[in-house]
Amino acid sequence: MSVKAPNKSRTVIKLDLSQFGAAQMVIRPAVHGKTAYVSNSMQGDREVTGSQLQAMLNESFPTPLLNYKAAGRRLNSSAGTR
C-alpha cells in the first residue's frame, strides 16, 4: 500500500486462485484526489462511484486523527493499566 497526501493511495492485492483452477487475480484499488478506480486482472478496469467512492475517500490519508490536538481533543488509552 502506498499513501500520499492529499487523498492519494494505491493498494495491490494478489489472490492465488490455483486451488479453484484459475490464475492469480490481482486487484489494484486507487484513489486520486476526488476520483477512484479499481483495476482487476480478471474483470478489467472500472471507475468507482457512489457510496463505494465515498468509503474509499473516507479511508484515505490524511485522517482527522492527525490533528486531534489542534481540534482540542484528547486520546486516552486504558491498555495495560489496572
Study note, to complete from the structure: Long-range amide H partners of residue 48, meaning residues 5 or more apart or on another chain whose placed amide H is closer than 5 Å, are 36, 37, 38
Point to revise | Unit charges on C-beta of K, R, D, E only; dipole of region 2-60, Debye | key: 220
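Given all pairs of different Cα atoms, what value in angstroms does the Kirkwood hydrodynamic radius of region 2-60 take? Before the final figure, lay out each step's value.
Numbers: mean 1/r = 0.0817 Å⁻¹.
Answer for region 2-60: a Kirkwood hydrodynamic radius of 12.2 Å.
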Practice item. Once you have the Cα-Cα distance between residue 15 and residue 41, take 0.36 nm times their residue separation minus that, and quote the gain in nm to one decimal. Key: 8.3 nm
Practice item. Please turn the phi angles of region 18-32 into ³J(HN,Hα) values with the Karplus equation 6.51 cos²θ - 1.76 cosθ + 1.60 (θ = phi - 60°), one per residue in order, whole Hz, x for glycine and proline. Key: 5, 5, 9, x, 10, 7, 5, 9, 10, 10, 10, x, 9, 10, 10
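Throughout, read-outs are computed from the coordinates displayed, never taken from laboratory work. All values reported here derive from a predicted model rather than from experimental measurement. Neighbour counts run over all protein chains shown; Cβ positions are idealised from the backbone, glycine included.
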